[in-house]
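Asks: Input: one structure, supplied below.
The values are calculated or read from the model by the stated rules, or taken from the named source; none is laboratory data. Remember, predicted model here, so these are calculated numbers, not experimental data. Don't worry about glycine lacking a Cβ; one is built from the backbone with ideal geometry, like all the others, and counts go over all protein chains shown. Each accessible area value is taken on the protein alone, full model and side chains, heavy atoms only, with ligands, DNA and RNA left out. Shrake-Rupley method; radii C 1.70, N 1.55, O 1.52, S 1.80 Å.
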Amino acid sequence: MSHEAHEPETPHLDFKGTTPYEDYVKADVLTHLQHLLSDDPGEMVFLVTTQVMELWFTVLVHEWETAAKALREDDVPTAVDALKRSVRELEALNASWKPLSGLTPAQFNSYRGALGEGSGFQSAMYRRLEFLLGDKSASMLVPHRGAPRVHAELEKALHEPSLYDEVLRLLARRGHAVPDEVLRRDVTRKYEPSAEVEAVWTAVYAGDERDEVARLGEALTDVAELVWRWRNDHLVATRRAMGAKTGTGGSAGVAWLEKRAQKSVFPELWTARSYV
């Protein structure tokens, strides 16, 4: 019997074309999407980071649509699982600000001109994400009129109930006193806080913490907290890179981001805590 060490067999390497990994991940496509428009070496990290953010937006939209569908079907555990996954994904999204958080004005200005009229508020996938959170606005479809598929997807999202709408409908089916005007509201418009909904969440939180509706509320609160952190990290990174100047694409820049950072997602989940 031989005592010589045997090296592991060499894996099969010749696939007569692209590899199964490439076929699945499309890495060659992803790593050749970077077309720089300036000579500044810092533009690469700005562009790639922005593209990574778009991919995380896509994942979050998928998770929250999964949660909304589960809630329509009264499947709270599946919805909570999707929300918990999205919390980890939001943490990864928020970490995307790290490569950009130390930009000086001079560094940003060196390739800012390459953006032209481009601005993050024009992101269609981010808009879908905001629509799912209940922040609806028909006017935000206007920049996408020239892209039929994108416009159609946004229009569909505008007219569908938000994730929070589905939560409130579930609460009503479970016997909670969600007012009819909230349940029948125009879902194409921004969600506005309701004192009656606040009272519902107060009752939920005053009850059994192990109840699945209470666990749903905490999963939603985790999401809301990280969305708030995303907005604040965006504000800080922008303020550091460009101060109070007008944003790219004619946006209000820091002034607009400051307003966004002051708004809570799923508002009654926060205000109800004062009455428990």
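Asks: Here's a check for you: in the stretch 33-56, which residue that is in a loop (DSSP other than H, G, I, E, B) and farther than 18 Å from SER101 by Cα is most open to solvent (accessible area, probe 1.4 Å)?
Replies: It comes out as ASP39.
Asks: In this structure, is LEU83 modelled with pLDDT of 95 or more and assigned to a helix (DSSP H, G or I)?
Replies: Taking the combined requirement at face value, the residue satisfies it.
Asks: Hey, another quick one. If a residue must be in a helix (DSSP H, G or I) and either free of Cβ contacts under 8 Å to residues at least 24 places away in the same chain or not charged (D, E, K, R) (or both), how many such residues does the stretch 122-143 contain?
Replies: 14
Asks: Another question, if that's okay. Looking at the stretch 57-99 only, could you name the residues that are over 18 Å from PHE121 (Cβ atoms), surrounded by fewer than 16 Cβ atoms within 10 Å (Cβ to Cβ) and among the hydroxyl-bearing types (Ser, Thr, Tyr)?
Replies: THR78
Asks: Scanning for something among the hydroxyl-bearing types (Ser, Thr, Tyr), closer than 30 Å to GLU117 by Cβ and surrounded by fewer than 17 Cβ atoms within 10 Å (Cβ to Cβ), does the stretch 184-207 turn up at least one residue?
Replies: Looking for residues that are among the hydroxyl-bearing types (Ser, Thr, Tyr), closer than 30 Å to GLU117 by Cβ and surrounded by fewer than 17 Cβ atoms within 10 Å (Cβ to Cβ), one finds at least one in the stretch 184-207, hence yes.
Asks: Looking for whichever is open to solvent by 30 Å² or more (accessible area, probe 1.4 Å), at pLDDT 95 or above and out of contact with any Asp or Glu (no Cβ under 9 Å at 6 or more places or on another chain) here; the options are GLU130, GLU155. Which one fits?
Replies: Among GLU130, GLU155, only GLU155 is open to solvent by 30 Å² or more (accessible area, probe 1.4 Å), at pLDDT 95 or above and out of contact with any Asp or Glu (no Cβ under 9 Å at 6 or more places or on another chain).
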